[in-house]
Every structure is written in C-alpha cells, then in structure tokens.
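Structure first, then comments.
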Amino acid sequence: MSDQATEFYLDWIREGLKQPGKTQSGLAGHLGIAHPQITQLLKGKRKLKVHEIPKIAEYLGTEPPTMSDVMPYSGPLSVIPIVGTVEAGAFREVDDFDQSEPRTLTLPRDEKFPNARQLGFDVSGDSMNDLKPRPILSGDCAVCVAYEDIASQVVLRDGMVVVVERTRDSGHFREWSVKQIEIYADRTEFHPRSTNPKHKPIVVHRNFEADDGVKVEVIALVRRIVNEMPGF
C-alpha cells in the first residue's frame with residue numbers, strides 16, 4: 001500500500017474514532033490486537049494491514065473508502081512524522097499509550113525509495129559529532145526511510161548510517177541511536193563517530209541478539225539531515 005493510500009485510510013480511521021462511543025481501545029478489541037498497536041498505527045509507526053480494513057469499517061459503522069477514492073500522488077512533497085529522539089546510551093520507558101499527535105516535517109519525497117515510509121528522529125547528544133563527511137549534531141533531525149519497507153531491496157553494508165533500536169526488560173525500555181555500520185564475518189558493529197570517548201560501539205553477533213538479553217534491530221536508514229534555525 002502506498003504512503004498516500006495509507007495516510008488516506010488513517011485519516012478515515014481518525015475521523016471514525018471521533019464518533020460517540022468509538023475509541024482506540026474498542027477498535028483494538030474488535031481487531032483482536034493490543035491497544036498500543038492502534039496507537040502505533042495512527043502515528044504511522046505500524047503498517048495498516050489490508051485484511052484489517054473491513055473489520056475497522058465494521059467497528060466504525062461506515063463503508064471503507066475504496067482505492068479509487070485515493071488520488072495518485074502528484075506533488076513533490078511528503079509529510080514526515082517526527083517519531084522520537086535518538087540519543088546514545090539513553091534507555092527510555094516505552095509509552096505505548098501516548099496519543100499525542102506527532103510533529104511533522106514537509107520535505108521532498110525520497111526518490112530512491114518512493115514507496116517506503118519516511119520517518120524523522122530528533123538528534124540529542126554528541127555520539128555522531130565526528131561523522132565524515134558531515135557530522136550529525138544535537139538539534140539536527142535525521143530523516144530516514146523505514147528499514148522494514150526496504151529490507152528486500154537493500155542489504156546492510158559497511159558505511160551505512162542507521163537508526164538502531166535496543167530494547168531491554170522484554171521491550172519495556174527502548175533506546176534509539178544513530179550509528180554507522182561495520183560488518184565482519186561473524187558480527188555486525190554499530191559505531192558512534194564521536195569526539196567523546198564515552199560512546200562505545202554496539203557489537204551484535206549474527207542472530208542480532210546481544211549476550212545480555214538486550215535486543216538490537218535496525219529500524220531506519222538515514223537518508224538526510226536537516227536543521228531549522230531557531231526563532232523562526
């Protein structure tokens with residue numbers, strides 16, 4: 001499903017949930033999934049599955065929009081949600097019940113990956129302040145494509161800059177950080193590029209499971225860095 005079609009359906013769901021008696025938790029129960037999955041869906045962090053659309057329509061009591069209602073994308077811009085903060089070494093408790101609307105950026109669609117979701121991450125800290133040829137600084141925004149959307153097209157390789165997710169305590173705590181990949185025969189290393197020696201690489205063996213029970217996953221490929229001047 002294209003980005004525009006997905007956003008069209010999400011707008012339909014959001015409008016439907018404004019009806020009296022219609023709630024995210026009620027929709028989750030009707031679909032047989034956990035409430036946080038609806039939150040993630042409406043934030044653009046979970047894919048809408050085609051087979052869910054009729055069940056959603058059933059719950060909302062409306063006919064689902066058809067693909068003929070979705071106008072093909074013809075403009076040069078995409079609305080990109082800012083989904084969180086990347087900061088090395090900072091595990092934060094996951095708030096799956098946060099229902100606030102994400103901030104957004106409006107930028108050109110990624111021409112290399114036009115069908116992949118674009119995501120923005122606020123950068124905090126100095127873990128990539130020595131990246132070459134261009135450092136990534138605190139206050140920047142890393143504009144990325146969701147890796148699961150392009151995994152069948154793009155194999156991870158040396159030099160790629162990615163957003164890595166580390167989770168612990170069965171996923172209750174999460175760290176997102178930007179790292180540069182180094183690949184070896186028996187392991188993948190995710191390196192900070194920093195003038196600050198406190199930042200250390202994440203070393204993961206082939207199964208992507210750290211020895212201490214921390215799970216590591218590449219969730220996004222960094223495609224550009226943007227920064228807006230404050231005060232405007």
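Residues of the range 35-52 falling in the label zone of residue 14, defined by backbone nitrogen less than 17 Å from a point 7 Å along Cα to beta-carbon, are 38-48. Computed extension length for residue 46-residue 137: 30.0 nm, one decimal, from 0.36 nm per residue of separation with the Cα-Cα distance subtracted. Rolling a 1.4 Å probe across the protein heavy atoms gives the range 142-205 an accessible surface of 48 Å² per residue. Taking 29 Å as the limit for the C-alpha separation, the pairs 47/215; 43/132; 47/200; 45/198; 43/179 exceed it in the case of 43/132; 47/200; 45/198.
Take 174-180, 219-225 and order them by the average number of nearby Cβ atoms within 10 Å per residue, most first; the result is 174-180, 219-225. Site pair residue 111 and residue 215 shows an inter-label distance of 3.8 nm when each label is modelled 7 Å from Cα along Cα→Cβ.
The length gained by stretching the chain between residue 226 and residue 155 to full extension, at 0.36 nm per residue less their Cα-Cα distance, is 23.1 nm. For a paramagnetic label modelled at 7 Å from the Cα of residue 63 toward its Cβ, which residues of the range 5-19 fall within the zone defined by backbone nitrogen distances under 17 Å? Flagged as within label range: 9, 12-13, 16.
Measure off, as a whole percent, the carbon and sulfur share of the 1.4 Å-probe accessible area of the range 112-181, all protein chains present. Can you show the working numbers first?
Values: 1500 of 3050 Å².
Carbon with sulfur: 49 percent of the solvent-accessible area.
Extension gain, residue 200 to residue 130: 0.36 nm times the residue separation minus the Cα-Cα distance gives 23.8 nm. Highest-first packing order for the peptide set 10-21, 185-196, 121-132 is 121-132, 185-196, 10-21, based on the mean count of other beta carbon atoms within 10 Å.
The values are calculated or read from the model by the stated rules, or taken from the named source; none is laboratory data. This is a predicted model, so every value here is computed, not measured. Every residue, glycine as well, gets a Cβ built from its backbone with ideal geometry; the counts of neighbours run over all protein chains shown. Side chains included, ligands, DNA and RNA excluded: accessible areas come from the protein's heavy atoms. Shrake-Rupley method; radii C 1.70, N 1.55, O 1.52, S 1.80 Å.
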